[in-house]
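Asks: Structure incoming, see below.
The values are calculated or read from the model by the stated rules, or taken from the named source; none is laboratory data. These figures come from a predicted structure and were not determined experimentally. Every residue, glycine among them, receives a Cβ derived from its backbone with ideal geometry; neighbour counts consider all protein chains shown. SASA here: full protein model, heavy atoms, side chains in, ligands and nucleic acids out. Shrake-Rupley method; radii C 1.70, N 1.55, O 1.52, S 1.80 Å.
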Amino acid sequence: MEATAKILGKWYEGHKRDLPWRRTESAYEIWLSEIILQQTRVQQGIHYYERFLERFPDVHQLAKASTEEVLKLWQGLGYYTRARNLHATAREIVSRYDGRFPADYDKLLALKGVGEYTAAAVASIAFGIPVALVDGNVVRVLARLYGIRIPFTTPKGRKEIHTLADRILDKRNPGIHNQAIMELGALVCLPKNPSCRDCPLHPKCYAFKHERIKDFPVRGVREKSRKRYFHYLHFSCSGKVFIHQRNKKDIWNSLFEFPIIETSRAVKPEKITANKQWRHLLEGCRYRIIEVSPLYIHPLSHQTLYVRFYEVQAATAPSVLAQEYTCIDAKRIHEYPVSRLTEKYLMSLKKD
DNA sequence: AATGCGTGGTA
DNA sequence: TTACCAAGCAT
């Protein structure tokens, strides 16, 4: 075994956190945890993991559920494609693999929502298959340890990291090893102000020895986020509201929302009634604007949303709304999966 | 191969 | 306050 792997394994035994998915050997539970944890902090994921397991104790229960229920349980976690793929894969496991996850890296990789990282994680942790995984933690640890100069955001950089990860992998205990290196990244080798004095690898660490911690990992440039302006029409008449499900290749795909007008520039609230789409939605309707919400600024990782909700009432619904949107009891809006933003708006209404 | 997908924590 | 980034994936 590599000396590095030995040090990692020993450190892990003494410092690993007691996390719910570390108490199981079930491939289903490990897979579930990995999907939830994709680009998600452990602290945020734990709660969802427990609720999912409670509602869906095994892959058959998950497969039997409706996609909408899965989305509703996923609400607030972000990256909603994960929820749809989670559900699709559960059904695939039941129909094609008789409810048992295949102990095979390539077969795992072929599952929806399972990429190189997750396939390696499930293969090594659940089945003891000797494959190295690379996540954000591993990138950081190895880039510093070996002083990798190629940006990890490029294919070359990722390959370089992967080669190193493969080289130091403890093939006898790949699951433990993989978790150990991630745990080191999560607890010690932090993005900012890493605790190098507590790090068992610091005598070997290139970045530490050269006092160049801040120079690694090397990253490429990020594109700046674009601005978008959303105007939601919260139209209600006699206890009904109108919603629809987003279905474009865009944010919040498959979540529900009120009729929306998007503009490329900011629009003052008093000017919204002059908007073409607004007039189209409300054509032939005598309405009044009950309330204009404050401006919600909703920064995503790649775009910033400037959003306002207009609460509008009328005696009867305009035909466009009735035709193009789904009419539901206002009280039942909470049964639908919605974005965090819409959830916040709905919460603000409850308080009144 | 580059871009887009959410939300929340941290400094 | 902004920027970074977290057990990545799909197209």
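Asks: Can you compute the helix-only [θ] at 222 nm over chain A? Use -39500 (n - 2.57) per DSSP H run of at least 4 residues, normalise by all residues, nearest 500 deg cm²/dmol.
Replies: Working: 15 runs with 152 residues, N = 352.
So the helix-based figure for chain A works out to -12500 deg cm²/dmol.
Asks: Here's another thing I want to ask about it. If I model a spin label as a point 7 Å beyond the Cα along the Cα-Cβ vector, how far apart are those points for A:Arg51 and A:Arg332 in nm?
Replies: It works out to 2.1 nm between the two label points.
Asks: Could you size up the charge dipole of the stretch A:55-159 around its Cα centre, putting +1 on the beta carbon of Lys and Arg and -1 on that of Asp and Glu, and report it in debye to the nearest 20? Intermediate values should be presented prior to the final figure.
Replies: Details: 16 positive and 9 negative charges, 87 e Å.
It works out to roughly 420 debye.
Asks: Right, another one. Quick one: P(r) of the stretch A:226-350 from all Cα-Cα pairs, 10 Å bins, percents rounded to integers, in order of increasing distance.
Replies: 12, 48, 36, 5, 0
Asks: Right, another one. Between A:Asp104 and A:Lys224, what is the label-point separation in nm under the 7 Å Cα-to-beta-carbon projection?
Replies: Taking the simple label geometry, A:Lys224 and A:Asp104 are separated by 5.0 nm.
Asks: Let me have the relative contact order for the stretch A:272-351, percent, based on Cα pairs under 8 Å that are six or more residues apart. Write down the numbers at each step before the final one.
Replies: Working: 65 pairs, mean separation 21.8, N = 80.
Relative contact order for the stretch A:272-351 comes out at 27 percent.
Asks: Against the longest alpha carbon principal axis of chain A, how many degrees, from 0 to 90 and to the nearest 10, is the axis of helix A:116-127 turned?
Replies: Relative to chain A, helix A:116-127 is tipped by roughly 60 degrees.
Asks: Please report, for the Cα atoms of the stretch A:24-163, the Rg to one decimal and the Dmax as a whole number; what are they, in angstrom?
Replies: Calculated on Cα positions, Rg and Dmax stand at 15.8, 48 Å.
Asks: Another question, if that's okay. Using a probe radius of 1.4 Å on heavy atoms only, what accessible surface per residue do you get for chain A? Whole Å² is fine.
Replies: Values: 19310 Å² over 352 residues.
With all protein chains present, chain A gives 55 Å² per residue.
Asks: In nm, give the distance between the simple-model label positions of A:Lys192 and A:His210, each being 7 Å from the Cα along the Cα-to-Cβ direction.
Replies: Reported label-point gap for A:Lys192 and A:His210 is 2.4 nm.
Asks: With the full set of protein chains in place, find how many percent of the accessible area of chain A is carbon and sulfur; take the probe as 1.4 Å.
Replies: Carbon and sulfur together cover 49 percent of it.
Asks: Of A:Gly147, A:Gln43, A:Tyr12, which is farthest along the charge dipole of chain A in the positive direction, counting Lys and Arg as +1 and Asp and Glu as -1 at C-beta?
Replies: The one lying farthest along the dipole's positive direction is A:Gly147.
Asks: About its Cα centre, how strong a charge dipole does chain A have in debye, to the nearest 20, once Lys and Arg get +1 and Asp and Glu get -1 at the Cβ?
Replies: Working: 57 positive and 37 negative charges, 253 e Å.
With only Lys, Arg, Asp and Glu charged at Cβ, the dipole is about 1220 debye.
Asks: With only alpha-carbon atoms in the gyration tensor, what are the semi-axes of the equivalent ellipsoid for the stretch A:135-186, in Å, largest first?
Replies: The three semi-axes for the stretch A:135-186 are 19, 12, 9 Å.
Asks: Relative contact order for chain A: what is it in percent, counting Cα pairs under 8 Å that are at least 6 residues apart? Show your work: numbers first, answer last.
Replies: Numbers: 529 pairs, mean separation 55.5, N = 352.
Relative contact order comes out at 16 percent.
Asks: Another question, then. Hey, could you grab the Kirkwood Rh for chain A? Inverse mean 1/r over distinct alpha carbon pairs, Å, one decimal.
Replies: On the way: mean 1/r = 0.0432 Å⁻¹.
Hydrodynamic radius (Kirkwood, Cα only) of chain A equals 23.1 Å.
Asks: Something else now. Where both residues lie in the stretch A:201-352, what percent of DSSP beta bridges are antiparallel, nearest 5? Intermediate values should be presented prior to the final figure.
Replies: Details: 21 of 33 bridges.
Antiparallel bridges make up about 65 percent of those DSSP assigns within the stretch A:201-352.
Asks: Based on alpha-carbon centroids, what's the gap between the stretch A:1-44 and the stretch A:75-92 in Å, whole number please?
Replies: 21
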